[in-house]
Amino acid sequence: MCCIFGEQMQIRLLFCVMMLFACLSGMQTLLHAQGKLSEVRTDVKPKKDEDNDEEERKKRNAQHDDYRRRSSGGNVNPFYDDGLFLGIFLLGPEPLPKEYDPDADEVFAGNHRSWIGHLPYPFYSGIDGWLLTDSTLRGSDIESLHQSDLHEIAFRGGAEIGLPINDIFRLRGEVSVESATYQWGLSTTWDYYHESLPGGRTDSTTIGTINATLRALTSQVFLLRLGMGANILTDRYQTNGGINFLFQSDIFVAEPVSLTILGETGMLGSARTSHMRASVGYHLGHMQFTMGYDHRWIGDTNLSSPFAGIHFWY
């Protein structure tokens with residue numbers, strides 16, 4: 001009887017030990033589960049083995065040059081890809097002509113004066129667009145437009161919420177300023193990512209850009225900007241940076257609707273970045289309500305999400 005009782009105790013003890021080992025293994029796996037933001041940090045963080053990095057870089061460059069030769073009939077174009085982008089940016093158009101009499105407040109006639117400026121907000125006073133010149137205005141649109149209505153410096157700012165995808169919540173803030181006459185501007189955007197992980201844990205990081213922009217194409221209903229600047233990732237674990245190139249277009253479809261398209265590419269630490277976003281906006285005075293989709297890759301990690309937000313134009 002004692003022998004049987006002893007065997008049962010041994011079996012139970014062995015079972016308990018196995019269950020305890022399984023629980024500890026599961027907890028270890030849970031604690032070390034890697035979220036998407038952790039994957040971003042791994043992709044962005046500079047590699048420790050510089051020799052391997054250099055070999056890999058040479059290999060990628062050789063493959064890229066081979067593709068460029070095949071695409072251009074055997075010759076490598078020095079203005080291919082980012083070089084073309086940079087060339088257009090640095091050799092941008094001349095400042096637009098502007099003749100402005102600060103003491104005058106005449107109704108713009110379009111046939112005797114050349115000046116340029118931003119409306120207080122898009123579709124102001126029923127006029128299509130936001131940035132106006134004498135060459136882009138239509139006579140029927142400007143019966144009540146005065147010089148004092150136009151601004152040399154324009155501001156745009158806003159905030160948006162990215163809908164949670166894969167347990168990642170995103171908040172975004174952005175501000176931009178632009179000159180009407182000289183076509184140069186500055187813009188900055190900051191995205192805060194908050195991720196829910198197994199076991200009730202959370203993770204967060206902030207990704208930002210700071211860019212100088214140049215308005216490359218201008219019409220009454222279409223604006224195209226090119227830009228270059230810096231990418232930044234910062235959180236409690238690390239801070240990394242890299243170069244950024246962008247294009248952005250505003251299309252004023254019809255009052256009160258506009259479209260905004262943004263494309264960015266560059267580097268963040270040791271990771272390649274790719275960012276595309278498109279949104280439709282509904283204008284109500286200085287306010288614009290937007291909805292769209294933000295498609296972002298950093299290295300091999302996808303941080304895309306639909307979003308909704310509000311912007312202000314001045």
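Data for the structure
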item	result
Euclidean distance between Cα centres, the stretch 160-229 to the stretch 241-289, Å	7
Peptides ranked, highest mean first, by Cβ atoms within 10 Å: ranges 196-205, 151-160	151-160, 196-205
FRET E, pair Thr181, Ser204, Förster distance 45 Å, beta-carbon r, rounded to 0.05	0.60
Restricting the stretch 214-314 to trypsin sites (Lys or Arg not before Pro) in coil, as DSSP defines it, with at most 16 other Cβ within 10 Å	Arg236
Burial ranking of peptide ranges 161-171, 297-307, 123-133 (average Cβ count within 10 Å, highest at the top)	123-133, 297-307, 161-171
Karplus 3J(HN,Hα) series, Hz, for the stretch 249-261 with 6.51 cos²θ - 1.76 cosθ + 1.60 (x for Gly, Pro)	10, 10, 10, 8, 5, 6, 3, x, 10, 9, 10, 10, 10
Counted charge near His283, where neighbours are those whose Cβ lies closer than 15 Å (Asp, Glu -1; Lys, Arg +1)	-2
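Quick note: the coordinates plus some simple rules give every number you see, no bench work behind them. Given the structure is predicted, the values throughout are model-derived calculations rather than measurements. All Cβ positions, glycine included, derive from the backbone under ideal geometry; neighbour counts span all protein chains shown.
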